[in-house]
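The values are calculated or read from the model by the stated rules, or taken from the named source; none is laboratory data. No experiment lies behind these values; they were computed from the predicted model shown. Heads up, the Cβs are rebuilt from the backbone with ideal geometry, glycines too, and the neighbour counts pull from every protein chain shown.
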Amino acid sequence: MTLERLHEAQAVAVVRARDGREALQIVDALERGGLRAIELTFTTHGVADAIAEARRRLGPETLLGAGTITTPEQVEAATAAGADFLVSPHLDPPLLERMLDTGLLAVPGVLTPSEVASALRIGADVVKLFPASTVGVPYMQALFGPFPGLKVVPTGGVTVADARAWLDAGAVAVGLGGELLPKALRDAGDWEAVGDNAARLMAALREEAFA
């Protein structure tokens, strides 16, 4: 089950690249660094082709998601490209229904209790708390009161330093983007450093020191 595999992966790398070629270079680096869940976003030019190529390159143990989905057409493109899960930055009920109709894991973005309730009522098994850093770990924990068993992937401002705290507080997994993929490294094409960032994250999640 995709949700269980996402929980095992612990972290999702959210990749916002300038084009499909750069996205694939980043995917290769992240996989070398040990990440087992990678999300390519529709803010990337040519992302559908990049998802299809990444699916061919990646081993079956790595989950591949399509993110920043805002239209039904993007749902169809991501599904056809071979994405394992679909992520939206917001809660749009008709869009979420379309995502769920694919049979893939659908992860809508939410922030408020009302949005959480709506997402669950429509049928979502897991939600993305976004932007997570603006509300913090205690806010997520407070949501567990009225929504026992809620499955959450905090995303937006999550760092390597606090990723473990989100997981320990009950998150299914965490989503990270900017800290793994800073603009300076992308501009320099320093994919080795991107892989090192991924390895540091995974070491931190295992509570191991990274030399």
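A few points about this structure:
- Residues of segment 65-90 that turn out to be of a type in the set (A, V, I, L, M) and out of contact with any strand residue (DSSP E or B) (no Cβ under 6 Å at 6 or more places or on another chain), as a count: 4
- Filtering segment 80-92 to residues that are under 23 Å from V158 (Cα atoms) and surrounded by 19 or more Cβ atoms within 10 Å (Cβ to Cβ) leaves D84, F85, L86, V87, S88, P89, L91.
- Within segment 50-69, the residues that satisfy the criterion of being in a loop (DSSP other than H, G, I, E, B) and of a type outside the set (S, T, Y) are L58, G59, P60, E61, I69.
- For segment 1-49, filtered to residues that are of a type in the set (D, E) and in a strand (DSSP E or B), the residue that is surrounded by the most Cβ atoms within 10 Å (Cβ to Cβ) is E39.
- Within segment 22-58, if we keep just the residues that are acidic (D, E) and within 16 Å of the chain's Cα centre (by Cα), the residue that is farthest from L205 (Cα to Cα) turns out to be E39.
- Some residue of segment 26-35 being of a type in the set (G, A, S), within 25 Å of D168 (Cα to Cα) and touching a residue at least 24 places away in the same chain (Cβ under 8 Å): yes
- If you go through segment 59-78 and keep only what is touching a Ser or Thr at 6+ places or on another chain (Cβ under 8 Å) and farther than 14 Å from D101 by Cα, you end up with L63, A66, G67, T68, I69, T70.
- L3 satisfies every condition listed in (1) aliphatic (A, V, I, L, M); (2) modelled with pLDDT of 95 or more; (3) more than 23 Å from A199 (Cα to Cα) except (3).
- Segment 65-76, subset over 19 Å from L3 (Cβ atoms) and touching a Phe, Trp or Tyr at 6+ places or on another chain (Cβ under 8 Å), residue surrounded by the fewest Cβ atoms within 10 Å (Cβ to Cβ): T70
- Any hit, segment 186-193, residues being buried (at least 23 other Cβ atoms within 10 Å of the Cβ), touching a helix residue (DSSP H, G or I) at 6+ places or on another chain (Cβ under 8 Å) and either within 30 Å of D19 (Cα to Cα) or at pLDDT 95 or above (or both): no
- Residue count, segment 111-132 (criterion: small (G, A, S), more than 12 Å from L100 (Cβ to Cβ) and loosely packed, with under 15 Cβ neighbours inside 10 Å): 2
- If you go through segment 168-201 and keep only what is closer than 25 Å to D125 by Cβ, touching a strand residue (DSSP E or B) at 6+ places or on another chain (Cβ under 7 Å) and not small (G, A, S), you end up with V172, V174, L176, L201.
- Residues of segment 93-105 include none that is crowded, with 18+ Cβ neighbours inside 10 Å, within 16 Å of the chain's Cα centre (by Cα) and either among the small types (G, A, S) or on the phi > 0 side of the Ramachandran plot (or both).
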